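Working notes, beginning with the structure itself.
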Amino acid sequence: ELQVGGNTLIDSRADGSCGNKMGTFTTGLTEVQGGSAEVYGRDGNNDPNQYTGTPIPAIAQSQPTAAFHQFLLTDQDMAALKSYAKSQGTYYQGEVEFSASNTMPNGVIFVDTVSGAPMTATSDPNDQANVTIHGNAPSSADGIFHGWLIINGRLSISGNFQMWGYGYVMNDLTYTGTGTGQIVGAMLSRNIQDTSYTTIDTNTGGNASILYDCAKARSGGGMVPQTYSAKAGTYREV
């Protein structure tokens, strides 16, 4: 389930390069709260918060679980991403807080469970990753995180945070934006254990925006290789 509130903007109108996309897609209900939150799909009518529409609605809710399977990473996918993050020095475990004093490198950031074991619907809730991101967390000189966030647990984003790329959260996502923060790309929250809402909201006067961009989601804003890459330290001339 998804709650959208405050001055939130979720918008997929600008990019049709990978087909016309809905603003949100959930197996549970989607609730848009207040009069300022807006969800747009690439449906051609420019009307926000539409639950019906042709060819697509802005908000698609109560979708069959099977329809979501095409978006999910397999255990093998997760293992490959974990291995890649380890080779790049961007692998973390357990409770991690990114902020101006503990910045985020660009690329594939993988935050794993405490034990390193895959997260399932029945695994120990205390084993899951617990990640918080505050404003000014990106280490990039432009102040934007470029990459993929792969979280084997829950993710909470707050403050003036900007990202170009893709976020994949195994459990629940809370995004409370302030300032001019935005996510350009795509976000997926699997909610594999928690039944609580995924929440996208703002503080008073704040801004939480998710703007769909196929290329940035696919390439992590240009920082995720689209071809095979060599593991660091394994190249040798003989």
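The values are calculated or read from the model by the stated rules, or taken from the named source; none is laboratory data. What you are looking at is a predicted structure, and each value in this text was computed from that prediction instead of being measured. Backbone-built Cβ (ideal geometry, glycine too); neighbour counts: all protein chains shown. To get the accessible areas, we keep the full protein, side chains included, count just its heavy atoms, and leave off ligands, DNA and RNA. Shrake-Rupley method; radii C 1.70, N 1.55, O 1.52, S 1.80 Å.
Placing pseudo-labels 7 Å out from each Cα toward the beta carbon at L29 and E97 gives an inter-label distance of 3.5 nm. A prolate overall shape is assigned to region 55-117, the ratio a/c of its alpha-carbon gyration tensor axes (a ≥ b ≥ c) being 1.5 or greater and a/b exceeding b/c. Tell me the angle of helix 75-88 to the major Cα principal axis of the chain, expressed in degrees between 0 and 90 and rounded to the nearest ten. Result, in degrees: 60.
Tell me what the chain gives for mean residue ellipticity at 222 nm when only DSSP H runs of n ≥ 4 count, each as -39,500 (n - 2.57), the sum divided by the residue total, rounded to 500 deg cm²/dmol. Numbers along the way, then the final one.
Values: 3 runs with 24 residues, N = 238.
It lands at -2500 deg cm²/dmol.
Protein heavy-atom accessible surface, 1.4 Å probe, per residue over the chain: 48 Å².
If you count, for each residue, the other Cβ atoms within 10 Å and average over each peptide, how do 124-134, 72-82 line up from highest to lowest?
Values: 124-134: 18.2, 72-82: 13.5.
The peptides rank, most packed first, as 124-134, 72-82.
The aspartates and glutamates within cross-link reach of K21, meaning a Cα-to-Cα straight distance under 12 Å and a gap of 8 or more places when in the same chain, are D11, D43, D213. On region 51-180, 52 percent of the accessible area sits on carbon and sulfur atoms, based on a 1.4 Å probe. Given R0 = 41 Å, the distance between the Cβ atoms of A215 and N126 translates into a calculated FRET efficiency of 0.60.
GNM on the chain, alpha-carbon springs under 10 angstrom: the most fluctuating residue among G153, G143, G41 is G143. Rounded, prolate or oblate: pick one for region 109-238, where a ≥ b ≥ c are the square roots of the eigenvalues of its C-alpha gyration tensor, a/c under 1.5 means rounded, and failing that, prolate if a/b is larger than b/c, else oblate. Because a/c hits 1.5 or more and a/b fails to exceed b/c, region 109-238 counts as oblate. Relative to the Cα centre, the charge distribution of region 1-157, modelled as +1 at Lys and Arg Cβ and -1 at Asp and Glu Cβ, gives a dipole magnitude of about 260 debye. Going through (i) 1.15; (ii) 1.00; (iii) 0.94, the figure that equals Cα Rg over 2.2 N^0.38 Å as computed for the structure here is (ii).
Normalised by the number of residues in region 20-150, the mean separation of alpha-carbon contacts (under 8 Å, six or more apart) gives a relative contact order of 19 percent.
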